[in-house]
Amino acid sequence: MVHVIVRHTVDDFARWKPYFDSDAGTRQAAGSQGGMLLRGAGNPNEVVIFFRWDSLENVQEFIHAPALAEVMQQAGVMGMPDFTFLEKVEEFTA
């Protein structure tokens, strides 16, 4: 499993969110195992997403698909998202 942090700015969070929600089935079919959606406390149009993905290969294939670029443009994503790929080392309690 790989963990992915995606960070980008959108022109309007309320307009972007339905696009994100409607893409859940596509993400799941491509290997997403869920995650957490956050946004900036001082800027609600700053979006950060933590994903769990089944493999690095599958997430890279998904993010490079032309269909994703089209959906992001329609949803109002501004600029290129920043992707960070991580491996879990350990969990801790505090």
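Table for the structure above
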read-out	value
Formal net charge of residues neighbouring G40 (Cβ-Cβ distance under 13 Å; K, R +1; D, E -1)	+1
Charge dipole of the range 2-86 about the Cα centre (unit charges at C-beta), most positive-ward option of V77, A14, I63	A14
Contact order normalised by residue count of the range 2-86, Cα under 8 Å, 6+ apart, percent	51
Estimated 222 nm signal from helices in the chain, with DSSP H stretches of n ≥ 4 weighted -39500 (n - 2.57), rounded to 500	-10500 deg cm²/dmol
Simple spin-label estimate for A24 and D82 in nanometres, 7 Å along Cα-Cβ	2.8
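A short reminder: the numbers here are calculations on the coordinates, not readings from a lab. What you see is a predicted model, and the numbers here were worked out from it, not measured in a lab. We place every Cβ from the backbone using ideal geometry, glycine too, and count neighbours over all the protein chains shown.
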